[in-house]
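Student: Questions regarding the structure given below will be posed in turn.
The values are calculated or read from the model by the stated rules, or taken from the named source; none is laboratory data. This structure is a prediction, so every number in the text was calculated from the model and none was measured. For neighbour counting, all protein chains shown are included, and Cβ atoms are generated from backbone atoms with ideal geometry for every residue, glycine included.
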Amino acid sequence: MQVLRSVVLFVLAAFAEIGGAWLVWQGVREHKGLLWMGAGVIALGVYGLVATLQPDAHFGRILAAYGGVFVAGSLLWGVLVDGFRPDRWDLIGAALCLAGVGVIMYAPR
């Protein structure tokens, strides 16, 4: 149950952070304005809150593992939202990052 909760929190955190950064990007780079940027800042704040809900108490471990989720999630966001087509090296890199998440977070201690 702890692992499932942790995975769900990582997915929610990725959605909030990547979505927030994307909203800020849209506001600035695509000239969509302050409302988009403000929504992005709020989403980034939600990311910070969700990250604190992880069952593991070690900030460094959570953020290190989340880095791998962020890499894979960013590529997926690009595919779903921006029409990005990852190549095999993108996919291999994302798989390595997710393997790192598994080792960092879920290896027996």
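Student: Mind checking whether some residue in the range 34-49 is at pLDDT below 95 and either buried (at least 17 other Cβ atoms within 10 Å of the Cβ) or not in a helix (DSSP H, G or I) (or both)?
Tutor: First, the residues of the range 34-49 that are at pLDDT below 95: none.
Within the range 34-49 (the criterion being at pLDDT below 95 and either buried (at least 17 other Cβ atoms within 10 Å of the Cβ) or not in a helix (DSSP H, G or I) (or both)), the answer is no, since none of the residues qualifies.
Student: Quick one: is Leu53 of a type in the set (A, V, I, L, M, F, W, C) and part of a loop (DSSP other than H, G, I, E, B)? Talk me through it step by step, then tell me what you get.
Tutor: Values: of a type in the set (A, V, I, L, M, F, W, C): yes; part of a loop (DSSP other than H, G, I, E, B): yes.
Yes: the conditions hold for Leu53.
Student: Scan the range 51-65 for residues that are over 11 Å from the mean Cα position of the chain (by Cα) and surrounded by fewer than 20 Cβ atoms within 10 Å (Cβ to Cβ) and jot them down. Steps first, please.
Tutor: Taking the range 51-65 as the starting set, the residues that turn out to be over 11 Å from the mean Cα position of the chain (by Cα) are 52-62, 64.
The answer is Thr52, Leu53, Pro55, Asp56, Ala57, His58, Phe59, Gly60, Arg61, Ala64.
Student: Looking for something in a helix (DSSP H, G or I), of a type in the set (Val, Ile, Thr) and surrounded by fewer than 13 Cβ atoms within 10 Å (Cβ to Cβ) - is there at least one such residue anywhere in the range 89-102? Lay out the reasoning, then the answer.
Tutor: Let us first name the residues in the range 89-102 that are in a helix (DSSP H, G or I), namely 89-102.
Applying the additional criterion that residues be of a type in the set (Val, Ile, Thr) yields 92, 101.
If we keep only those that are surrounded by fewer than 13 Cβ atoms within 10 Å (Cβ to Cβ) too, we end up with 92.
For the range 89-102, residues in a helix (DSSP H, G or I), of a type in the set (Val, Ile, Thr) and surrounded by fewer than 13 Cβ atoms within 10 Å (Cβ to Cβ): present.
Student: Check Gly102, Gly73, Gly93, Gly68 and return the single one that is under 15 Å from Gly19 (Cα atoms) and either in contact (Cβ under 8 Å) with a residue 24 or more places away in the chain or over 12 Å from the mean Cα position of the chain (by Cα) (or both). Even if it seems obvious, please write down each step before you answer.
Tutor: On the way: Gly102 fails: under 15 Å from Gly19 (Cα atoms); Gly93 fails: under 15 Å from Gly19 (Cα atoms); Gly68 fails: under 15 Å from Gly19 (Cα atoms).
The match here is Gly73.
Student: Same structure, new question: Going through Asp56, Asp82 one at a time, which residue ends up being farther than 20 Å from Leu4 by Cα, at pLDDT below 95 and not β-branched (Val, Ile, Thr)?
Tutor: Values: Asp56 fails: farther than 20 Å from Leu4 by Cα.
Exactly one of Asp56, Asp82 is farther than 20 Å from Leu4 by Cα, at pLDDT below 95 and not β-branched (Val, Ile, Thr), namely Asp82.
Student: Cβ contacts < 7 Å: first residue under 14 Å from Leu49 (Cβ atoms) and in contact (Cβ under 8 Å) with a residue 40 or more places away in the chain, restricted to the range 7-35; second residue of a type in the set (A, V, I, L, M) and surrounded by fewer than 16 Cβ atoms within 10 Å (Cβ to Cβ), any location; separation 6+ or different chain. Result?
Tutor: Leu9/Leu53
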